[in-house]
Every structure is written in structure tokens, then in C-alpha cells.
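Visitor: Could you have a look at this structure, given as C-alpha cells, before my questions?
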Amino acid sequence: MSAPINVLVVGSGGREHALVWILARSPGVERLFCAPGNGGIADQARCVDVDAMDFDGLIGLCRAESIEFVVVGPEAPLVGGLVERLEAAGITAFGPSAAAAALEGSKGFTKDLCARHGIPSAAYLRCADLESASAYIRRQGAPIVVKADGLAAGKGVIIAQSIDEALAAAAEILDGRFGAAGNELIIEEFLEGEEASFFALVDGQTVLPLASAQDHKAVGEGDTGANTGGMGAYSPAPVVTPEMQHRILEDIIKPTVAAMAAEGRPYRGLLYAGLMIAGGKPKLLEYNVRFGDPECQVLMPRLEGDLLPALLAAAEGRLAEVQLHWSPETALTVVMAARGYPGDYQKGSVIENLNAAGELDGVTIFHAGTLRENGNIRANGGRVLGVTALGASVREAQAKAYEAADVIDWPEGFCRRDIGWRAIARNKD
Ligand code: AMP
Ligand code: GLY
């Protein structure tokens, strides 16, 4: 084995805490850094206050601390070209180039790629003017889905129940509601079915499947209310049977990786496929070019062994050498958010009893928007904690996660009480 190296994780959310948490146990890591990190990450890595979009600052940090490998958590620096900046500075980085990150950075790019290569996805129109958009919406009827082309912090998708709602959404996006992300529109067939996410490592050519998960995007129980970044997740997702996993890989992920290589944008990093599954067939809803948040918080506790060699192999084109093993147990994360989220919320309240909750058997607490101040952990964002538990079944993991969430003393926070409901209804376990 080669000598241990210094590693930097870029980002500050629950996803980055889960990555830091697993990398901290790697024998291949000498010193672990996170920029900018959060109050919980500080337990396992040295947090350095450099923003994820401050590319010069990140390169300076790598030079100052002899960091040899950088794992980029969020999409914005990937789409902005951080990986090629690091590589030009002689630093190995995990994540796609900006050209490959177009899979998340431009929904129109992905739709056109799918169309060119026969990858199953919803029928669509890509356009930049209201006239074409209106004609297509009127021809297709409702429900219909209207999307801004670019990154819109997860808010650029409107599921319109009527033609009028779709027309209004198209007009608003083209009017600049999401800034330049809305210079182009995608108008898409509404797909029915069950949603699931699938994650794979890719090294430009080879695909190493990781695992499936299901997110809970809506703020309210029973999947009601406004959409959020994700209020909880579990892995594996029962809808992704071994046969379904095979179809996802053969029909969607492998053809995408081959298409990206053929088009001169080889994809390296983590590929996250958002899927709609109906009638035994998966269709691609969207790609993300990084781990999901909170899905990463349910994948990492199920990973047995060392993540570092797999991330390095993906970055260096050696994934064919790697094997990963997954616990058959279910992991489930309950997100605790500040009251008011995803609307306005207050920062600064103190969170207590985190240690007692984290000591429960099979429980790990990942921090997202937290800040450590004079020994206190304070809320510092919308999604604040990811209370995660492993169990023999979804029901058991759910019971343990809520037991831990109930130990945490944070009156200014809230969580959904039904994370995992779909799997429990399906399995009756
Ligand atoms: P996206 O960011 O493209 O994944 O869209 C966000 C959410 O909107 C997805 O997780 C789905 O719940 C929903 N969605 C997106 N596209 C469609 C579609 N074509 N049909 C039905 N629901 C969709
Ligand atoms: N949880 C959804 C996402 O990370 O995009």
C-alpha cells in the first residue's frame, strides 16, 4: 500500500459530513481537511474557512498543507470547473470536469444526449422562447413539467396541473425567476410511477454500481407541502430489485457513460441517476454529478471497508480494480431542520443532547447547517442535522432514528415523522 496522503473534502453539508466520517477511518488518509466544513465535521477533520467557490483559495490551501487529493461535494464548484483547476495545479481530484458536469448543469444537454443515444427518458421540448413553449404545452396538455435548464438549487422544476399553470411557469422562468439558469426551458412529459435514486462511481469508462436510495423531497408528512433539498432518505430502496438494478445499469447508466466518452466529455466521479420506475421499467428523470444529500448519509453507513481507494481509482481511471461491499442492513436518515424551512428560518439556536443521541446503538448524527461556538452546537442553516440509524429492516432503522431524534433537545427544530413510509407500506416489515 502506498503512503497515507492528506485529503481535502470541499463543502459544508450533511453529505460532506458523511464523506468526512467515512474517510476519517481510512488507513490511507494521513490528515483530513474540510473547506469550509461545519460544527460536526470539526470532530473528524480540520475545518478551514475557504468557500467551495473560492478556487484560488482551495488551491492555496492544498499547497500550504501538502494536500494530494480533493473530494468535491457540491455541484456548483464542479459545474464551475474546480476539478480541472485542481488538476492543472497538479492535485488529483474526485469529480467530473465542467464539460462532464453538464449532465447536471444543463438539463437540456442531458435530454438531448438521451435522445441522441436512445436512453429512456420523458418526451420533451427544449426551447428559449415563450411562443414555442406555449404551442408545445397546448399541444401536449396537462399535467406537464416545466424546468429551467440550469442549476436552480433544486427549485427549477414545476409540475403543472393545468395548461395555464404551465404557461405561467414557462413565462416566469424565461422572465428571469432563476436568473441565467432559465435562459432555456425544458418542457417535459409528466411521468407517473415510483421515484428512486441510483448511485455509481465512474472512471471515464468503467461503472462501479454503489447502491439505491429514496429521498423525501416534500417538507410535510405524506409527501405534502413545499419541496426541500430532502427531508430524509433510506437505502436500499426496495423498488430497485436486483433485476431493476440490472436494467438501470444496462439501459441508462452504461449507455450514458459510453455516450459521454464518445462525445469527448469522459465522465469521472459519482453519477447520481434520479429515476421514475413504472411497469418494471426505469426512465431517467435527471442526473446529478455528485452524491445526494441526504442520500450520501444513508449510503456511507452501509459501506463496509474503505472508500478512499475507490474514489482515487475513479479519479485515476482504475475502477476495474476496485470492489466494494455493502451491508444488507437498511440505513435511514431523518433530517432535522430549522422551523420555517424551506421558507424563512432563524439561525443561532443551541442544540443539546447530541452526544447522548449519537451514542445510541447503530446511530450516527451527521451535521449540515451547524456551527460550533464556545463548546455549543448552534443551528446555522435550514437543514441542520441528519439523524441516521442502521437496522435489519426499514421499520427497525426508522424506530432507532426517531428514538435518537427524540433525545436531541432542540425546540427550534422539526422533522418529518414518516421517513421510510413508502418502503414500510411495500414490505409490511
Ligand atoms: P429533477 O430536479 O429534474 O429531478 O426534478 C425534481 C423532481 O420533480 C423530481 O424528483 C420528480 O419528483 C419531479 N419530476 C421531475 N421531472 C418529472 C417528470 N417528467 N415527471 C414527473 N415528475 C417529475
Ligand atoms: N436529495 C436530492 C439531491 O441531493 O439532489
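The values are calculated or read from the model by the stated rules, or taken from the named source; none is laboratory data. Since the structure is predicted, the reported quantities are computational estimates derived from the model, not experimental observations. Here the Cβ is made from the backbone with ideal geometry for all residues, glycine too, and neighbour counts use every protein chain on show. Areas reflect the complete protein model, heavy atoms only, side chains present, ligands, DNA and RNA absent. Shrake-Rupley method; radii C 1.70, N 1.55, O 1.52, S 1.80 Å.
Visitor: Taking only DSSP H segments of four or more residues, each worth -39500 (n - 2.57), what value at 222 nm results for the chain once the sum is divided by all its residues, to the nearest 500 deg cm²/dmol? Each step should come with its number before you reach the end.
Guide: Numbers: 15 runs with 129 residues, N = 429.
Calculated from helices alone, the mean residue ellipticity at 222 nm is -8500 deg cm²/dmol.
Visitor: Now a separate question. How much net charge surrounds ALA35 when only the other residues with a Cβ under 11 Å from the Cβ of ALA35 are counted, with Lys and Arg +1 and Asp and Glu -1?
Guide: -4
Visitor: Further, regarding this structure: Taking a ≥ b ≥ c as the square roots of the eigenvalues of the Cα gyration tensor of the chain, is the shape rounded (a/c under 1.5), prolate (a/b larger than b/c) or oblate?
Guide: Because its axes are fairly even, with a/c under 1.5, the chain counts as rounded.
Visitor: So, one more: DSSP loop (so not H, G, I, E, B), at most 16 other Cβ within 10 Å: list which trypsin sites (Lys or Arg not before Pro) in the range 1-99 pass both filters.
Guide: Those satisfying the criteria are ARG25.
Visitor: What figure in square angstrom, to the nearest 10, would you give for the accessible area of LYS400 with a 1.4 Å probe?
Guide: In the full protein context, LYS400 sits at about 50 Å².
Visitor: Hey, another quick one. Just flag the GluC sites (Glu not before Pro) in the range 348-429 sitting in loop per DSSP whose Cβ has no more than 11 other Cβ atoms within 10 Å.
Guide: Qualifying residues, ordered by number: GLU359.
Visitor: Under a 1.4 angstrom probe, counting protein chains only, how are CYS62, CYS415 ranked by accessible area, largest first?
Guide: Sorted descending by solvent-accessible area, the residues read CYS415, CYS62.
Visitor: If you take the square roots of the eigenvalues of the alpha-carbon gyration tensor of the range 336-429 and sort them as a ≥ b ≥ c, do you get rounded (a/c under 1.5), prolate (a/b over b/c) or oblate?
Guide: On the way: a/c = 2.94, a/b = 1.59, b/c = 1.85.
Oblate, since a/c reaches 1.5 and b/c is not below a/b.
Visitor: What figure in square angstrom, to the nearest 10, would you give for the accessible area of ILE5 with a 1.4 Å probe?
Guide: Spelled out: ILE5, probe radius 1.4 Å, area about 20 Å².
Visitor: Would you rank HIS325, HIS17 by solvent-accessible area, highest first, keeping every protein chain in place and using a 1.4 Å probe?
Guide: Greatest to least solvent exposure: HIS325, HIS17.
Visitor: Given the options ALA379, ALA356, ALA170, which has the most mean-square fluctuation in a GNM of the chain, springs set between C-alpha atoms less than 10 angstrom apart?
Guide: ALA356
Visitor: I'd like to check one number: the per residue accessible area of the range 63-119, probe 1.4 Å, reported in Å² as a whole number.
Guide: Per-residue value: 33 Å².
Visitor: So, one more: Please work out the Kirkwood hydrodynamic radius for the range 1-136, using every pair of different C-alpha atoms, and report it in angstroms with one decimal place. Present the calculation step by step, with values, prior to reporting the outcome.
Guide: Working: mean 1/r = 0.0602 Å⁻¹.
Averaging 1/r across every pair of different Cα atoms and inverting gives 16.6 Å.
Visitor: At 1.4 Å probe size, put ASP406, ASP344, ASP251 in order of accessible surface, largest to smallest. Before the final figure, lay out each step's value.
Guide: Working: ASP406 95, ASP344 145, ASP251 50 Å².
So, going from the largest accessible area down, we get ASP344, ASP406, ASP251.
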